[in-house]
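The values are calculated or read from the model by the stated rules, or taken from the named source; none is laboratory data. Bear in mind the structure is a predicted one, so any value in this text is a computation, not a measurement. For neighbour counting, all protein chains shown are included, and Cβ atoms are generated from backbone atoms with ideal geometry for every residue, glycine included. Only protein heavy atoms, including side chains, enter the accessible area calculation; ligands, DNA and RNA are left aside. Shrake-Rupley method; radii C 1.70, N 1.55, O 1.52, S 1.80 Å.
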Amino acid sequence: MVDCAVPTPHTRCYRDGVLIDENFALGDVSEHLELPNTVVWVDLCTPDGADLALLTEELGLHELAVEDATKLRQRPKLDHYPDHSFLSAYAVGFDPASKAVTTDEIAAFITARALVTVHKEKSIDLDAVVARWDSSPDLAKHGVAFLLHGLLDYLVDGYFEAVETLDEEIEELQNQLFVPSADQEALQRSSFALRKSLVTLRRVILPMREVVNTLLRRDLHLVADEMGPYFQDVYDHVLRAMEWTESLRDLATSILEANLALQGNRLNVITKKVTGYAAIIAVPTAVTGFYGQNVPYPGFGEIGGFFTSVALIVGFSTVLFFLFKRNDWI
């Protein structure tokens, strides 16, 4: 993984689709670009003002784009300037302990012959992006479009991994939903956490659909015709991830509503059973209350009156118990 603690920026230079140099200093960027048919990639992790100022001078970057890259608090977007474009996107991950989706922002300056990535977090594994570039050397001849595709493909694959993990978590919630001994508080907490994570993921994926769609526009000439099918594939993946996220949001909401309905049903069953037993308990209460009157009654002052009251209590209570049991009231 690219280490932010390393002072030297991560750099690469391709010429005619062949890697000719890497890990060179920022001051050598213009020297490499003077060579014909060369493309340069520069990665800045937590850059200082001097590094960005140098690249601004070398590549003619717009001040508004540089400001956005410095603050790194943008929504996913693609801005166009006279000499370059500015991309803001997010890499996502999933924390199983907190059930939360993590987001790490990355910005990119896209020029005709250079791609400059800027980020702050160490969790963005740009070594994985480099590995994708190295696995498709035949596409390197397409220049910046090749580099940009590798970056976007890495980000979108991360969306799929996060959505797949969320799908597994929601499936586990479904399995616990009808377990009577399940911890209801933990179940509700997990439901809310997963729904919140899906909302966060949607905020990342939804704008990316427009970003990739804009890159595919032929009138902007951002992507060569040969790379069009590869970006179309990324666009299809974004759409699939978006549709998957939307369906999981609906499912998470259904689980939450079903859990509340089940709790209401369980409460109704408990209330029904308690009411049934209360009706049974009312029988001995009524009989003993009647026999406790200070007036003569059949069997008053005799041992037979005691046995009569006991027989009435046991008889009526037994009849009510079996009657309620047959009607599933207790």
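Residues in the stretch 199-208 that are surrounded by 15 or more Cβ atoms within 10 Å (Cβ to Cβ) and in contact with a helix residue (DSSP H, G or I) (Cβ under 8 Å, 6 or more places away or on another chain): L201, R202, V204, I205, L206, M208. Being surrounded by 16 or more Cβ atoms within 10 Å (Cβ to Cβ) and either on the phi > 0 side of the Ramachandran plot or at pLDDT below 80 (or both): is that true of V211 here? So V211 does not fit the description; no. The test for being outside any helix (DSSP H, G or I) and open to solvent by less than 10 Å² (accessible area, probe 1.4 Å) does not hold for T102.
For the stretch 243-292, the tally of residues that are aromatic (F, W, Y) and either exposed (fewer than 11 other Cβ atoms within 10 Å of the Cβ) or at pLDDT 80 or above (or both) stands at 1.
Restricted to the stretch 188-198, and to residues there that are in contact with a helix residue (DSSP H, G or I) (Cβ under 6 Å, 6 or more places away or on another chain) and of a type outside the set (G, A, S), the residue that is farthest from N265 (Cα to Cα) is L198. One residue alone among R202, R209 is in contact with a Lys or Arg (Cβ under 9 Å, 6 or more places away or on another chain) and either in contact (Cβ under 8 Å) with a residue 40 or more places away in the chain or under 21 Å from Y235 (Cα atoms) (or both), and that residue is R202. Pairs linking a residue in the stretch 254-276 that is touching a residue at least 60 places away in the same chain (Cβ under 8 Å) to a residue that is basic (K, R), with Cβ atoms under 8 Å and 6 or more positions apart or on different chains, are L256/R195. Going residue by residue through the stretch 220-231, is there one that turns out to be in contact with a strand residue (DSSP E or B) (Cβ under 8 Å, 6 or more places away or on another chain) and assigned to a helix (DSSP H, G or I)? For the stretch 220-231, residues in contact with a strand residue (DSSP E or B) (Cβ under 8 Å, 6 or more places away or on another chain) and assigned to a helix (DSSP H, G or I): present. Selection of the stretch 178-198 for residues being in contact with a Leu (Cβ under 8 Å, 6 or more places away or on another chain) and surrounded by fewer than 14 Cβ atoms within 10 Å (Cβ to Cβ) yields F178, F192. What about V42, is it closer than 20 Å to V144 by Cα, under 31 Å from the mean Cα position of the chain (by Cα) and of a type in the set (V, I, T)? Yes, satisfied. Filter the stretch 125-146 for residues that are in contact with a Lys or Arg (Cβ under 9 Å, 6 or more places away or on another chain) and under 14 Å from Y230 (Cβ atoms) and give the result. Once the filter is applied, which keeps residues that are in contact with a Lys or Arg (Cβ under 9 Å, 6 or more places away or on another chain) and under 14 Å from Y230 (Cβ atoms), the stretch 125-146 yields W133, G143, V144.
Pairs are defined by a Cβ separation below 7 Å, a sequence spacing of at least 6 or placement on different chains, a first member in the stretch 228-240 that is free of Cβ contacts under 8 Å to residues at least 24 places away in the same chain, and a second member that is open to solvent by less than 70 Å² (accessible area, probe 1.4 Å); the pairs so defined are G228/L216; Q232/L216. Look at the stretch 185-198: where a residue is of a type in the set (K, R) and a partner is open to solvent by 30 Å² or more (accessible area, probe 1.4 Å) and modelled with pLDDT of 85 or more, sitting 6+ places away or on another chain with Cβ atoms under 7 Å, you get R195/R249. Do we have any residue at all in the stretch 14-35 that's in a loop (DSSP other than H, G, I, E, B), closer than 18 Å to E105 by Cβ and open to solvent by less than 70 Å² (accessible area, probe 1.4 Å)? No: the stretch 14-35 contains no residue that is in a loop (DSSP other than H, G, I, E, B), closer than 18 Å to E105 by Cβ and open to solvent by less than 70 Å² (accessible area, probe 1.4 Å). Selection of the stretch 40-59 for residues being in contact with a Cys (Cβ under 8 Å, 6 or more places away or on another chain) and open to solvent by 20 Å² or more (accessible area, probe 1.4 Å) yields C45, T46. Which residue pairs have Cβ atoms closer than 8 Å, lie 6 or more positions apart in sequence or on different chains, and pair a first residue in the stretch 134-151 that is closer than 13 Å to A114 by Cβ with a second residue that is of a type in the set (K, R)? So the pair list comes out as G143/R113; V144/R113.
Within the stretch 60-74, the set of residues being open to solvent by 30 Å² or more (accessible area, probe 1.4 Å) and either assigned to a helix (DSSP H, G or I) or over 17 Å from H119 (Cα atoms) (or both) comprises G60, H62, E63, L64, E67, T70, K71.
Among the residues of the stretch 304-312, is any within 30 Å of Q184 (Cα to Cα) and at pLDDT 80 or above? There is no residue in the stretch 304-312 that is within 30 Å of Q184 (Cα to Cα) and at pLDDT 80 or above.
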